[in-house]
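Notes follow once the structure below has been shown.
The values are calculated or read from the model by the stated rules, or taken from the named source; none is laboratory data. Keep in mind that what you see is a predicted model, and the values were worked out from it rather than measured. All Cβ positions, glycine included, derive from the backbone under ideal geometry; neighbour counts span all protein chains shown. Heavy atoms of the whole protein, side chains included, go into the accessibility calculation; ligands, DNA and RNA do not. Shrake-Rupley method; radii C 1.70, N 1.55, O 1.52, S 1.80 Å.
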Amino acid sequence: VPEPASERETINMQYVALFRGINVGGKNIVKMAALRQLFLNLGLHKVQTYIQSGNVAFESDLDELSLLDIIYAGFDEHFGFQCDVMMRNIDEMRFLIEQLPITPAEKAAAELADPKTEHLYVYFFSDLSKQSVIDAVYRKYEGEDILRKGTRELYFLCHQSVRNSKLAAAIPKNFGTSTARNWKTVCRLYNMLEAL
(Lines give C-alpha, C1' and ligand atoms only; values in the text may rest on other atoms or scores of the structure.)
Protein backbone atom coordinates (compact mmCIF):
# COMPACT_ATOMS: atom_id res chain seq x y z
CA VAL A 1 0.00 0.00 0.00
CA PRO A 2 1.54 3.36 -0.99
CA GLU A 3 2.23 5.80 1.82
CA PRO A 4 -0.08 8.82 1.99
CA ALA A 5 1.48 11.83 0.22
CA SER A 6 1.75 13.71 3.51
CA GLU A 7 3.94 10.94 4.96
CA ARG A 8 6.19 10.51 1.94
CA GLU A 9 9.60 12.05 2.25
CA THR A 10 10.07 14.70 -0.41
CA ILE A 11 13.55 14.97 -1.83
CA ASN A 12 14.69 18.51 -2.37
CA MET A 13 17.32 19.37 -4.96
CA GLN A 14 19.45 22.49 -4.86
CA TYR A 15 19.18 24.63 -8.00
CA VAL A 16 20.52 27.89 -9.33
CA ALA A 17 18.46 30.01 -11.73
CA LEU A 18 20.60 32.22 -13.97
CA PHE A 19 18.67 35.13 -15.46
CA ARG A 20 19.76 36.69 -18.75
CA GLY A 21 19.94 40.41 -19.41
CA ILE A 22 18.53 41.94 -16.23
CA ASN A 23 20.05 45.08 -14.70
CA VAL A 24 22.27 45.63 -17.76
CA GLY A 25 22.74 49.16 -19.06
CA GLY A 26 19.83 50.54 -17.06
CA LYS A 27 17.32 48.18 -18.71
CA ASN A 28 15.10 45.42 -17.29
CA ILE A 29 15.71 46.60 -13.73
CA VAL A 30 14.93 43.95 -11.11
CA LYS A 31 15.83 44.39 -7.47
CA MET A 32 17.27 41.22 -5.98
CA ALA A 33 15.05 41.51 -2.89
CA ALA A 34 11.99 41.49 -5.17
CA LEU A 35 13.36 38.52 -7.13
CA ARG A 36 14.01 36.62 -3.91
CA GLN A 37 10.46 37.36 -2.71
CA LEU A 38 9.03 36.13 -6.02
CA PHE A 39 10.79 32.77 -5.59
CA LEU A 40 9.45 32.50 -2.04
CA ASN A 41 5.95 33.34 -3.29
CA LEU A 42 6.30 30.54 -5.86
CA GLY A 43 6.78 28.07 -2.99
CA LEU A 44 10.53 27.59 -3.40
CA HIS A 45 12.73 27.15 -0.34
CA LYS A 46 15.97 28.53 1.16
CA VAL A 47 16.07 31.25 -1.50
CA GLN A 48 19.23 33.34 -1.80
CA THR A 49 20.34 35.79 -4.47
CA TYR A 50 23.87 36.71 -5.49
CA ILE A 51 24.94 40.01 -7.10
CA GLN A 52 22.73 42.09 -9.39
CA SER A 53 23.00 39.99 -12.57
CA GLY A 54 20.19 37.70 -11.41
CA ASN A 55 21.48 34.53 -9.75
CA VAL A 56 19.06 32.72 -7.45
CA ALA A 57 20.01 29.66 -5.39
CA PHE A 58 17.12 27.68 -3.91
CA GLU A 59 15.71 24.25 -3.06
CA SER A 60 12.75 22.48 -4.61
CA ASP A 61 11.36 18.99 -5.09
CA LEU A 62 10.24 19.88 -8.64
CA ASP A 63 12.16 18.98 -11.79
CA GLU A 64 13.86 21.54 -14.03
CA LEU A 65 11.09 21.84 -16.64
CA SER A 66 8.38 22.30 -14.01
CA LEU A 67 10.48 24.93 -12.27
CA LEU A 68 11.11 26.82 -15.51
CA ASP A 69 7.36 26.88 -16.22
CA ILE A 70 6.45 28.43 -12.88
CA ILE A 71 9.43 30.81 -12.84
CA TYR A 72 8.74 32.15 -16.35
CA ALA A 73 5.05 32.65 -15.59
CA GLY A 74 5.68 34.16 -12.16
CA PHE A 75 8.41 36.50 -13.39
CA ASP A 76 6.31 37.81 -16.30
CA GLU A 77 3.30 38.40 -14.06
CA HIS A 78 5.32 40.07 -11.28
CA PHE A 79 7.79 42.19 -13.26
CA GLY A 80 5.81 42.78 -16.46
CA PHE A 81 8.36 41.48 -18.95
CA GLN A 82 9.83 38.17 -20.04
CA CYS A 83 13.38 37.10 -19.27
CA ASP A 84 15.34 34.01 -20.30
CA VAL A 85 16.45 31.73 -17.47
CA MET A 86 19.00 28.93 -17.47
CA MET A 87 18.73 26.36 -14.69
CA ARG A 88 21.34 24.05 -13.19
CA ASN A 89 21.16 21.72 -10.21
CA ILE A 90 23.97 21.23 -7.71
CA ASP A 91 25.25 18.06 -9.42
CA GLU A 92 25.48 19.82 -12.79
CA MET A 93 27.32 22.76 -11.21
CA ARG A 94 29.78 20.42 -9.48
CA PHE A 95 30.41 18.54 -12.73
CA LEU A 96 30.97 21.65 -14.85
CA ILE A 97 33.54 22.89 -12.31
CA GLU A 98 35.28 19.51 -12.04
CA GLN A 99 35.45 19.01 -15.82
CA LEU A 100 36.89 22.48 -16.58
CA PRO A 101 38.61 21.95 -19.97
CA ILE A 102 40.98 24.91 -19.57
CA THR A 103 44.43 24.04 -18.25
CA PRO A 104 46.14 25.99 -15.44
CA ALA A 105 48.86 26.99 -17.94
CA GLU A 106 46.28 28.39 -20.39
CA LYS A 107 44.57 30.32 -17.60
CA ALA A 108 47.90 31.68 -16.31
CA ALA A 109 48.89 32.88 -19.82
CA ALA A 110 45.61 34.79 -20.17
CA GLU A 111 45.97 36.36 -16.72
CA LEU A 112 49.52 37.42 -17.57
CA ALA A 113 48.27 39.21 -20.70
CA ASP A 114 46.03 41.48 -18.58
CA PRO A 115 45.97 40.95 -14.80
CA LYS A 116 43.24 43.57 -14.27
CA THR A 117 40.31 41.81 -15.93
CA GLU A 118 38.33 38.57 -15.64
CA HIS A 119 39.40 35.96 -18.16
CA LEU A 120 37.44 32.75 -17.63
CA TYR A 121 33.71 32.57 -18.32
CA VAL A 122 31.01 29.95 -18.62
CA TYR A 123 28.18 30.47 -21.11
CA PHE A 124 25.07 28.59 -19.97
CA PHE A 125 22.60 27.26 -22.56
CA SER A 126 19.32 25.37 -22.35
CA ASP A 127 20.64 23.18 -25.14
CA LEU A 128 24.03 23.43 -26.82
CA SER A 129 24.98 23.03 -30.48
CA LYS A 130 27.02 20.10 -31.72
CA GLN A 131 30.81 20.13 -31.58
CA SER A 132 30.95 20.62 -35.36
CA VAL A 133 29.19 23.99 -35.04
CA ILE A 134 31.61 25.06 -32.31
CA ASP A 135 34.55 23.96 -34.46
CA ALA A 136 33.23 25.94 -37.44
CA VAL A 137 32.97 29.14 -35.38
CA TYR A 138 36.40 28.59 -33.88
CA ARG A 139 38.03 28.10 -37.30
CA LYS A 140 36.88 31.57 -38.41
CA TYR A 141 38.52 33.19 -35.39
CA GLU A 142 42.12 34.34 -35.38
CA GLY A 143 43.53 35.04 -31.94
CA GLU A 144 44.48 33.56 -28.59
CA ASP A 145 41.05 33.24 -26.98
CA ILE A 146 39.85 29.69 -26.26
CA LEU A 147 36.36 28.20 -26.61
CA ARG A 148 35.64 24.65 -25.38
CA LYS A 149 32.45 22.62 -25.06
CA GLY A 150 30.91 21.35 -21.85
CA THR A 151 27.63 19.48 -21.39
CA ARG A 152 25.22 22.39 -21.84
CA GLU A 153 27.90 25.05 -21.46
CA LEU A 154 30.70 26.71 -23.38
CA TYR A 155 33.89 27.55 -21.51
CA PHE A 156 35.50 30.75 -22.75
CA LEU A 157 38.98 32.05 -21.91
CA CYS A 158 39.89 35.51 -23.19
CA HIS A 159 43.25 37.29 -23.14
CA GLN A 160 41.73 40.78 -22.82
CA SER A 161 38.43 42.18 -21.60
CA VAL A 162 35.54 40.00 -22.74
CA ARG A 163 33.97 43.19 -24.15
CA ASN A 164 36.82 43.44 -26.68
CA SER A 165 36.83 39.79 -27.77
CA LYS A 166 35.67 39.01 -31.31
CA LEU A 167 35.20 35.38 -30.30
CA ALA A 168 32.96 36.37 -27.39
CA ALA A 169 30.90 38.52 -29.79
CA ALA A 170 30.45 35.47 -32.04
CA ILE A 171 28.96 33.28 -29.30
CA PRO A 172 25.41 34.74 -29.16
CA LYS A 173 25.31 35.07 -32.96
CA ASN A 174 26.06 31.38 -33.52
CA PHE A 175 24.73 29.48 -30.54
CA GLY A 176 21.43 31.11 -29.62
CA THR A 177 20.23 32.17 -26.20
CA SER A 178 22.72 31.94 -23.36
CA THR A 179 23.83 33.77 -20.26
CA ALA A 180 27.44 34.10 -19.15
CA ARG A 181 29.01 34.14 -15.70
CA ASN A 182 32.65 34.59 -14.81
CA TRP A 183 34.45 31.72 -13.10
CA LYS A 184 34.48 33.37 -9.67
CA THR A 185 30.69 33.71 -9.81
CA VAL A 186 30.27 30.09 -10.98
CA CYS A 187 32.35 28.82 -8.03
CA ARG A 188 30.56 31.13 -5.59
CA LEU A 189 27.16 29.89 -6.75
CA TYR A 190 28.23 26.28 -6.31
CA ASN A 191 29.40 27.06 -2.77
CA MET A 192 26.02 28.67 -2.07
CA LEU A 193 24.22 25.54 -3.27
CA GLU A 194 26.38 23.35 -1.03
CA ALA A 195 25.56 25.55 1.96
CA LEU A 196 21.75 25.46 1.46
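The table below gives the values:
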{"quantity": "Residues of segment 139-185 classified as of a type in the set (Phe, Trp, Tyr), within 19 Å of ALA113 (Cβ to Cβ) and open to solvent by 10 Å² or more (accessible area, probe 1.4 Å), total", "calculated": "2"}
{"quantity": "Residue check for LEU35: touching a residue at least 12 places away in the same chain (Cβ under 8 Å) and more than 13 Å from the chain's Cα centre (by Cα)", "calculated": "yes"}
{"quantity": "Where a residue in segment 77-94 is in contact (Cβ under 8 Å) with a residue 12 or more places away in the chain and its partner, wherever it lies, is assigned to a helix (DSSP H, G or I) and among the β-branched types (Val, Ile, Thr), with Cβ under 9 Å and at least six apart", "calculated": "VAL85/ILE71; MET87/ILE71; MET93/VAL186"}
{"quantity": "Candidates PHE75, PHE58, PHE81, filtered to the one that is closer than 25 Å to LYS173 by Cα and open to solvent by less than 70 Å² (accessible area, probe 1.4 Å)", "calculated": "PHE81"}
{"quantity": "Residue within segment 128-149 that is of a type outside the set (Phe, Trp, Tyr), assigned to a loop (DSSP other than H, G, I, E, B), under 23 Å from LEU68 (Cα atoms) and touching a residue at least 40 places away in the same chain (Cβ under 8 Å) present", "calculated": "yes"}
{"quantity": "Test result for ILE134, open to solvent by 10 Å² or more (accessible area, probe 1.4 Å), touching a strand residue (DSSP E or B) at 6+ places or on another chain (Cβ under 6 Å) and not charged (D, E, K, R)", "calculated": "no"}
{"quantity": "Residue count, segment 14-54 (criterion: among the β-branched types (Val, Ile, Thr), at pLDDT 95 or above and in a strand (DSSP E or B))", "calculated": "3"}
{"quantity": "Pairs where the first residue, in segment 101-118, is touching a residue at least 40 places away in the same chain (Cβ under 8 Å) and assigned to a helix (DSSP H, G or I) and the second is open to solvent by 50 Å² or more (accessible area, probe 1.4 Å) and polar (S, T, N, Q), C-beta under 8 Å, 6+ apart", "calculated": "ALA113/GLN160"}
{"quantity": "Conditions (1) of a type outside the set (Val, Ile, Thr); (2) over 19 Å from ASN182 (Cα atoms); (3) in a loop (DSSP other than H, G, I, E, B): number failed by ASP69", "calculated": "(3)"}
